[in-house]
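Let me begin by presenting the structure, written as structure tokens, before commenting on it.
The values are calculated or read from the model by the stated rules, or taken from the named source; none is laboratory data. This is a predicted model, so every value here is computed, not measured. When we count neighbours, we look across all protein chains shown, and the Cβ atoms used for this are built from the backbone with ideal geometry, even at glycine. The accessibility values were calculated without ligands, DNA or RNA, using every heavy atom of the protein model including side chains. Shrake-Rupley method; radii C 1.70, N 1.55, O 1.52, S 1.80 Å.
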Amino acid sequence: MTTSAEMGTGQSPIDISDWAASDAHAPMFDYVSNANRVERAQGFVIFHFDRGSQLLLGDASYRLLQFHWHTPAEHTIEGDEFAAEVHFVHVNEDDQLLVVGTVYRLGEADEGLEQIIAATPPSGEEGDVVPRLSAAHHVPDSDGFFHYVGSLTAAPFSEPVQWYVARTIRTISQRQVEQLEMLAGGANARPLQDLNHRTILCVGCAI
């Protein structure tokens, strides 16, 4: 088990504040593949995807591996807390990780989350079900992304991870929050970590 003494000083999640606008590349999404299996691990429901979907960052390409959710949300924005967060996990040819996060506040039900809930098999039946879920229907859509360098938010909390948190905040109903928690076996968010003088940029943001 990884202890706090073994972890670095660039851990995630963080409170996103005091960010600076940047003309660096924002993520572009080319999601075309389908989910091929569902896994439950460490209190998460993880949708794994066939090859084919990618995230483009300038000339760099990252393959979509999987997505999963957290309730409540892990990142906060200028101190505001949110009800849920979905993480899209990508990797490049050098095994470097990039995660895109989308946060949700309580409000109207979200159609994309409803599809995810419907595609999640009951616990213990994961190996018997091929989920009906297309990555193309779940592209993280935002008017910019907050970017910083952090870590995985679950063991082994590996660093570094390139993080892009969507500036556009979506909505989720209370019923959907309860369903996501039930499917994952309870709340599964990691507490906020110290920023430790890291820089937060806003890329693709119309300031």
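Numbers at a glance
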read-out	value
Cα radius of gyration and Dmax for region 6-71 (Å)	15.5, 40
Net charge of neighbours whose Cβ lies under 13 Å from the Cβ of Arg37, counting Lys and Arg as +1 and Asp and Glu as -1	-3
Solvent exposure, largest accessible area first (probe 1.4 Å, DNA, RNA and ligands not counted), of Thr120, Thr9	Thr9, Thr120
Region 95-110 and region 43-66: distance between their alpha carbon centers, rounded to Å	14
Accessible area of Glu39 in the full protein assembly, 1.4 Å probe (Å², nearest 10)	60
Modelled FRET efficiency - R0 22 Å, Ala109 with Ser17, Cβ distances, 0.05 increments	0.15
Surface accessible to a 1.4 Å probe, Glu178 within the full protein complex, Å²	100
Diffusion coefficient, µm² s⁻¹, Stokes-Einstein with Kirkwood Rh over alpha-carbon pairs of region 105-207 at 10 °C and 1.306 mPa s	97
Shape category assigned to the chain from the gyration tensor of Cα positions, a/c cut at 1.5	rounded
Alpha-carbon radius of gyration plus Dmax, which is the widest Cα pair, for region 1-122 in Å	15.9, 44
Radius 12 Å from Cβ of Ala73, net charge of other residues (Lys, Arg +1; Asp, Glu -1)	-2
DSSP beta bridges in the chain [antiparallel fraction, %, rounded to 5]	75
Accessible area expressed per residue, the chain, with surrounding protein chains retained (probe 1.4 Å, Å²)	49
Other-chain or far-sequence residues with amide H under 5 Å of Gln193's (modelled H)	Ile14, Asp15
